[in-house]
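Accompanying notes for the structure given below.
The values are calculated or read from the model by the stated rules, or taken from the named source; none is laboratory data. In this text, all values refer to a predicted model and were calculated from it rather than measured experimentally. A quick note on method: Cβ atoms are made from the backbone with ideal geometry, for glycine too, and the neighbour counts reach across all protein chains shown. Side chains are part of the model used for accessible areas, which takes the heavy atoms of the whole protein and leaves out ligands, DNA and RNA. Shrake-Rupley method; radii C 1.70, N 1.55, O 1.52, S 1.80 Å.
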Amino acid sequence: MNATLPEPEIVTRKGKPVAVIIPIKDYEELLERVEDSADVAWLKRARSKPLHYRPLEEYLAARKGK
């Protein structure tokens with residue numbers, strides 16, 4: 001992340017940090033990273049499940065019956 005500010009600005013309330021002000025580009029990059037990590041987690045779960053295949057004829061027969 002290439003921040004344009006030397007450090008993020010921390011907003012406090014009653015002496016406790018409650019928010020951070022960062023450049024919009026940094027915020028957008030953080031959102032993108034969160035989305036990417038969620039996608040990777042979903043992919044890992046999907047890959048850990050066993051795959052079940054059935055013949056094409058069986059699938060087509062089941063579709064016809066619907």
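So which of Val18, Val34 ends up being in a strand (DSSP E or B) and either without any contact (Cβ under 8 Å) to a residue 24 or more places away in the chain or open to solvent by 90 Å² or more (accessible area, probe 1.4 Å) (or both)?
Testing whether each residue is in a strand (DSSP E or B) and either without any contact (Cβ under 8 Å) to a residue 24 or more places away in the chain or open to solvent by 90 Å² or more (accessible area, probe 1.4 Å) (or both) leaves just Val18.
Against the condition out of contact with any helix residue (DSSP H, G or I) (no Cβ under 7 Å at 6 or more places or on another chain) and at pLDDT 95 or above, how does Lys64 come out, does it pass?
Here the answer is no, as Lys64 does not meet what is asked.
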